[in-house]
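Contents: one structure, followed by commentary.
The values are calculated or read from the model by the stated rules, or taken from the named source; none is laboratory data. What you see is a predicted model; the values in this text were computed from it and never measured. Here the Cβ positions follow ideal geometry from the backbone for every residue, glycine too, while neighbour counts run over all protein chains shown. Note: areas computed on protein heavy atoms with side chains; ligands, DNA, RNA excluded. Shrake-Rupley method; radii C 1.70, N 1.55, O 1.52, S 1.80 Å.
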Amino acid sequence: VTVTQRVMDCCLTVKNQTIDKSALVDYHRQTSGQGCSVDAMILVTRRKINLCVPADELWVVNVVKKVDEKKERCKNSKYRGRGCKDMKRAV
């Protein structure tokens, strides 16, 4: 029986600096106690750079909402708006 372990890539600190939402294509939440020691939102840029920010800040909540809206718009195959190519490449 072979057991594999997934290596966790955790944020060790967060930086509370606003980020241009147009540069973002994805995000995921890091929760302390689940392999990482800090609660954070990890924002992913078009260049696949992970940015660690505080998850509960209002600006982060707004950015995540905009990324979700952009993902939904880009799901529609007829929509070829600006930024959808980056969304598909990042996922």
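Please work out the FRET efficiency for the pair residue 85 and residue 28, using the Cβ-Cβ distance as r and a Förster radius of 25 Å; give the result to the nearest 0.05. Numbers along the way, then the final one.
Numbers: r = 21 Å, r/R0 = 0.84.
Result of the calculation: an efficiency of 0.75.
Any idea of residue 29's accessible area? Nearest 10 Å², probe 1.4 Å.
That residue has around 120 Å² of solvent-accessible surface.
If I stretch the segment between residue 38 and residue 72 completely, what's the gain in nm (0.36 nm per residue apart, minus their alpha carbon distance), one decimal? Write out the running numbers ahead of the final one.
Numbers: separation 34, 0.36 × 34 = 12.24 nm, distance 2.91 nm.
Length gained between residue 38 and residue 72: 9.3 nm.
Mind checking which aspartates and glutamates have their C-alpha under 16 Å from residue 66, skipping anything on the same chain fewer than 8 residues away?
Result set, ordered by chain and number: 20, 26, 56, 57, 86.
Can you sort 37, 22 by 1.4 Å-probe accessible area, starting with the largest?
Accessible-area ranking of 37, 22, largest first: 37, 22.
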